[in-house]
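Novice: Attaching a single structure in structure tokens format; questions to follow.
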Amino acid sequence: MGAKQEAQEWAETVRRYGERNGLSYEPIGGINPKDGPVALCVGGVNRLTGQLTEGFWGSSCDADEKEIGGLFSKAVLPTALLAKAHMPDLAQVVPAFNVESIEGHEVVTQRFSRKVEFESIDFNKRFWATVPKEYDPVALRELFSPGFLGWVTTLAGEIDFGVNDRQLWFLWRLGERSESELKAALKNAGQLFKRLQAEMEESGIHTYAPGPWHAGLEPFPS
């Protein structure tokens with residue numbers, strides 16, 4: 001199969017998934033109207049928006065694209081899938097953080113300069129967690145309970161996640177470009193969303209009920 005055909009089949013896979021699950025599909029994700037909520041995955045290829053999995057509202061799109069193929073069959077294909085959700089409640093607790101999988105990386109991208117160590121040896125071996133230098137890492141340590149740290153280490157595959165611009169983001173590196181892989185990525189993104197909400201609720205922090213506001217489809221309830 002040529003790279004161009006593979007790109008077309010992947011786009012069709014994502015489109016069909018969106019159609020079956022009541023999601024909006026866009027070949028290239030655009031912005032919302034001027035007076036509307038901020039859109040997610042703006043400019044992202046093969047963007048889906050809506051309730052990506054049960055209880056998880058957001059947007060997803062291709063990520064870490066690479067040009068693949070020969071002289072007459074070149075195409076840009078994703079090596080990962082990115083899912084995002086608006087989470088201003090989480091951003092109030094930890095305005096920004098970054099967790100990257102160490103697996104398969106010779107050099108971990110250090111988005112922020114202050115490394116955060118946790119009590120879980122398994123988590124520290126698998127992930128590199130950082131916060132911006134102006135933030136106290138204690139808030140992130142307090143947010144991630146031992147149960148959450150243990151759960152994250154059970155996720156298969158290479159994942160990165162964090163908060164930036166009041167948005168939760170989750171990156172899943174694709175083992176293959178297939179519907180089963182798409183489902184796995186969105187399922188795990190949804191589980192992360194729910195776990196973080198549970199962590200905040202257990203800490204007595206107000207959280208918004210899951211809804212279209214997390215996907216930028218409606219304003220957050222007042």
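Novice: Inside the range 77-89, can you point out the residues that are at pLDDT 95 or above and touching a helix residue (DSSP H, G or I) at 6+ places or on another chain (Cβ under 6 Å)?
Specialist: Leu81, Ala83, Ala85, His86
Novice: Right, next: For the range 31-51, state whether one or more residues are loosely packed, with under 13 Cβ neighbours inside 10 Å, at pLDDT 95 or above and in contact with a Phe, Trp or Tyr (Cβ under 8 Å, 6 or more places away or on another chain). Working first, answer last.
Specialist: Of all residues in the range 31-51, those loosely packed, with under 13 Cβ neighbours inside 10 Å come to 31, 33-36, 38, 43.
Now drop any that are not at pLDDT 95 or above, which leaves 31, 38, 43.
Subsequent filtering for residues that are in contact with a Phe, Trp or Tyr (Cβ under 8 Å, 6 or more places away or on another chain) retains none.
Checked against the condition, which is being loosely packed, with under 13 Cβ neighbours inside 10 Å, at pLDDT 95 or above and in contact with a Phe, Trp or Tyr (Cβ under 8 Å, 6 or more places away or on another chain), the range 31-51 yields no hits at all.
Novice: To continue, here is another question. Could you say which residue among Phe56, Phe72 is modelled with pLDDT under 95 and either at positive phi or aromatic (Phe, Trp, Tyr) (or both)?
Specialist: On the way: Phe56 fails: modelled with pLDDT under 95.
None of the others qualify; the one that does is Phe72.
Novice: Here's another thing I want to ask about it. If Ala80 satisfies all but one of (1) within 19 Å of Gln167 (Cα to Cα); (2) open to solvent by 10 Å² or more (accessible area, probe 1.4 Å), what's the number of the condition it fails?
Specialist: Going through (1) within 19 Å of Gln167 (Cα to Cα); (2) open to solvent by 10 Å² or more (accessible area, probe 1.4 Å) one by one, Ala80 breaks only (2).
Novice: Suppose we filter the range 14-25 for residues that are at positive phi and either open to solvent by less than 50 Å² (accessible area, probe 1.4 Å) or in contact (Cβ under 8 Å) with a residue 60 or more places away in the chain (or both); how many remain?
Specialist: Narrowing the range 14-25 to residues at positive phi: 22.
With either open to solvent by less than 50 Å² (accessible area, probe 1.4 Å) or in contact (Cβ under 8 Å) with a residue 60 or more places away in the chain (or both) added as a condition, the list becomes none.
Selection size over the range 14-25: 0.
Novice: Quick one: Lys74 ticks every box in (1) closer than 24 Å to Gln197 by Cα; (2) touching a helix residue (DSSP H, G or I) at 6+ places or on another chain (Cβ under 9 Å) except a single one, so which number is it?
Specialist: Of the numbered conditions (1) closer than 24 Å to Gln197 by Cα; (2) touching a helix residue (DSSP H, G or I) at 6+ places or on another chain (Cβ under 9 Å), the odd one out for Lys74 is (1).
Novice: Just need a number here: residues in the range 54-72 that are within 16 Å of the chain's Cα centre (by Cα) and either closer than 21 Å to Gln5 by Cβ or not acidic (Asp, Glu) (or both).
Specialist: We begin by selecting, within the range 54-72, every residue within 16 Å of the chain's Cα centre (by Cα); these are 54-65.
Okay, now just the ones that are also either closer than 21 Å to Gln5 by Cβ or not acidic (Asp, Glu) (or both), so 55-65.
Of the residues in that region, 11 qualify.
Novice: Can you confirm whether Gly58 is more than 18 Å from Gly157 (Cβ to Cβ), buried (at least 19 other Cβ atoms within 10 Å of the Cβ) and touching a Phe, Trp or Tyr at 6+ places or on another chain (Cβ under 9 Å)? Write out each step before concluding.
Specialist: On the way: more than 18 Å from Gly157 (Cβ to Cβ): yes; buried (at least 19 other Cβ atoms within 10 Å of the Cβ): yes; touching a Phe, Trp or Tyr at 6+ places or on another chain (Cβ under 9 Å): yes.
Taking the combined requirement at face value, the residue satisfies it.
Novice: Continuing with this model, one more query. Among Ile28, Ile68, which is the only one that is of a type in the set (A, V, I, L, M), under 30 Å from Trp128 (Cα atoms) and open to solvent by 50 Å² or more (accessible area, probe 1.4 Å)?
Specialist: Numbers: Ile28 fails: under 30 Å from Trp128 (Cα atoms).
Step by step, each of Ile28, Ile68 is checked, and only Ile68 is of a type in the set (A, V, I, L, M), under 30 Å from Trp128 (Cα atoms) and open to solvent by 50 Å² or more (accessible area, probe 1.4 Å).
The values are calculated or read from the model by the stated rules, or taken from the named source; none is laboratory data. Just so you know, these numbers come straight off a predicted model, no measurement behind them. Note: ideal-geometry Cβ built from the backbone for every residue, glycine included; neighbour counts use all protein chains shown. Keep in mind that these areas ignore ligands, DNA and RNA; they rest on the heavy atoms of the full protein, side chains included. Shrake-Rupley method; radii C 1.70, N 1.55, O 1.52, S 1.80 Å.
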